[in-house]
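The values are calculated or read from the model by the stated rules, or taken from the named source; none is laboratory data. The model shown is predicted, which means the values in this text are computed figures rather than measured ones. Here the Cβ positions follow ideal geometry from the backbone for every residue, glycine too, while neighbour counts run over all protein chains shown.
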């Protein structure tokens, strides 16, 4: 939130922040962690710190259409695996990870 004082935070500002995370392609789980962190921080600002009377983030939800943790996987052919093992023989730092990839 940068230079915005805790007392000046509004639900609209926090909603814009969550939407910006979506634009930056944060994963849903990363957004949930960020949301939880700011929720707990502002809960503390309500009590015991008594800096604000209510937590503005309680009105905001993480968007359901936020990207999920998605890892694109590629299945390599046996020929490519053989070529990689030949290129990175036993003793190479990449041999074990490549060898482990075989089916």
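Points to keep in mind about this one:
For every residue, the table says whether it meets (1) at pLDDT 85 or above; (2) surrounded by 15 or more Cβ atoms within 10 Å (Cβ to Cβ); (3) in a loop (DSSP other than H, G, I, E, B).
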{"position": "33", "(1), (2), (3)": "yes, no, no"}
{"position": "54", "(1), (2), (3)": "yes, no, yes"}
{"position": "57", "(1), (2), (3)": "yes, yes, no"}
{"position": "62", "(1), (2), (3)": "no, yes, yes"}
{"position": "74", "(1), (2), (3)": "no, no, yes"}
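- The range 77-89, residues that are in contact with a helix residue (DSSP H, G or I) (Cβ under 8 Å, 6 or more places away or on another chain) and part of a loop (DSSP other than H, G, I, E, B): 88, 89
- Filter result for residue 67 (modelled with pLDDT of 80 or more and in a loop (DSSP other than H, G, I, E, B)): no
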